[in-house]
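Just below is one structure, and these are the notes that go with it.
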Amino acid sequence: MTATDEIHVTSGDTLDPEGNTLNPVGKDEKTWGWFAIFNIWANDVQSLFGYSLVASLFISYGVGGWTAFAALIASGVFVMWMVNLSGAAGEKYGIPYPVLARASLGTQGAKLPAVLRATVAVFWYGVQVYFASTALALLIRSITGLGGGAEILGLTGIDWISFVMVWVFHIVIFWRGMGWVETFLNIAGPFVYLVMIGLLAVLWQRSDGQLLAATATIFANPEGTFWTEFKGFIAIVGTMVAYFAAVMINFSDFSRYAKDKPTMVLGNLAGLPFNMILFSALALLTTGGAAVVYGEAIINPAEIVERTDSVLLGIIAAITFFAATVGINLVANFIPAVNGIANLSPEKISFRKAGLITSVFALVIGGFWTSFISQFGIGGFVNTLGATLAPIFGIMIVDYYVHRKEQLNVDDLYNMDGGTYHYNEGWNGAAVKAFGLAAIFSVATVWVPWFAFLSGYNWVIGALLGGVVYHMLARDHVTR
């Protein structure tokens, strides 16, 4: 099938919350401009964890600030290249990640990576709902002055009220469809930047104009050598690539809504290298300002706001942290969870049904996070599942670009009983074998201490292994 061939699969339902969320989007639904794509990445990095990660990199790896800054930009360029690769098929054919995976793994085999991605996404979706509720609880306490009180499962009454309200807020957004998701992302991204700039202005005023001088001191690393700076540079790039890895693999879930390929490419250019420059500069300057005003390098923006002793700033910050956390939750967790769950039974599970299933899991995970789950050590299990996604990325990229020359038969992608991508009872043996072999390495990087030296590059290596092994096994057997 070529780009000009007619697509017979019913489209036009994707933005209908009751419709099949996996159907290819129609031309009337491809409405996302470059700014919407930019805000995907803005929301993905603008979490409390993202801020703390960026602000602490030059401290954690013992490098100068300029080395850390350069590494952040380099990682943005690399991730941009990767998502342009993974998102091209979604933009061209209007298909989401679980459907794209059918081309390489088979119509049934694709359920494996979709379930793995959905499981990781559902878990972190629940966790992020809880963390977003802490911002709302902070807002309520700032306004009312109420304190703690009795705890149930580690949460006070205000905490539980906040948690349920945030949980319902997520449901309201997805119940209205992807149009509301896009609108929220477009509001949250710029709003968070405005507040970050405002916080920086407060620190500038309180530092008596010494902020830039202090930041320059922090950026300096007199004990660093070329080799230590280079090793730190490589480690930071690897860390940031791992940070964006989850969205890289399912970026077609978003690129399918882009108006055209140039729009997607421009949005990724603004959203990754440029966004990394802006966000990193604000994070590092804010850290430098906090060092002047409070005499120590504070990498948690919530703590910086708390030190200002300003009720107004506390309220604004609480709203900001809420918007940032909900934003990254929609991008990195909700959409892949919904599409992965819907892929289990596309005929029966609509966008809304998949969203409700995700929400039920989130209610349990978020509600028990403080009292049980965070203490149970389940993170290793979830990280193991996440690591196994790396080979899938490599397999999908090699299959689409090397073997199929960027041509897919969309009708056959939705034919669950036969066709080009049905392979052997719906499973592509070459892809399954390549996945299994490469996944052994990916899982080992989570549990075997000897692999710790890879410092985040396990994802890139796992993707390369998956792609190379798949190419060797499948090069003589793939048809379009």
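The values are calculated or read from the model by the stated rules, or taken from the named source; none is laboratory data. Keep in mind that what you see is a predicted model, and the values were worked out from it rather than measured. Note that each Cβ is placed from the backbone with ideal geometry, even for glycine, and that neighbours are counted across all protein chains shown. Ligands, DNA and RNA are excluded from the accessible area calculation, which covers all protein heavy atoms including side chains. Shrake-Rupley method; radii C 1.70, N 1.55, O 1.52, S 1.80 Å.
Which net charge results when you count Lys and Arg as +1 and Asp and Glu as -1 among the other residues whose beta-carbon is under 14 Å from that of A188?
Charge balance near A188 sits at -2.
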Just to confirm, what accessible area per residue do you get for region 75-172 at 1.4 Å probe, in whole Å²? 33 Å²
Calculated FRET efficiency, Y294 and K261, Cβ-Cβ r, R0 45 Å, to nearest 0.05? 0.45
Heavy-atom SASA rank of R176, R102 (probe 1.4 Å, accessible area, largest first): R176, R102
Where only protein heavy atoms count, and the probe is 1.4 Å, what is the accessible area per residue for region 229-297 in Å²? 28 Å²
Over region 87-189: Kirkwood hydrodynamic radius from C-alpha pairwise inverse distances, Å: 16.6 Å
Judged on accessible area alone, 1.4 Å probe, highest first, M264, M472, M196 line up as M472, M196, M264
How about K433: which lysines have a C-alpha closer than 16 Å to its C-alpha, ignoring those fewer than 8 places off in the same chain? K111
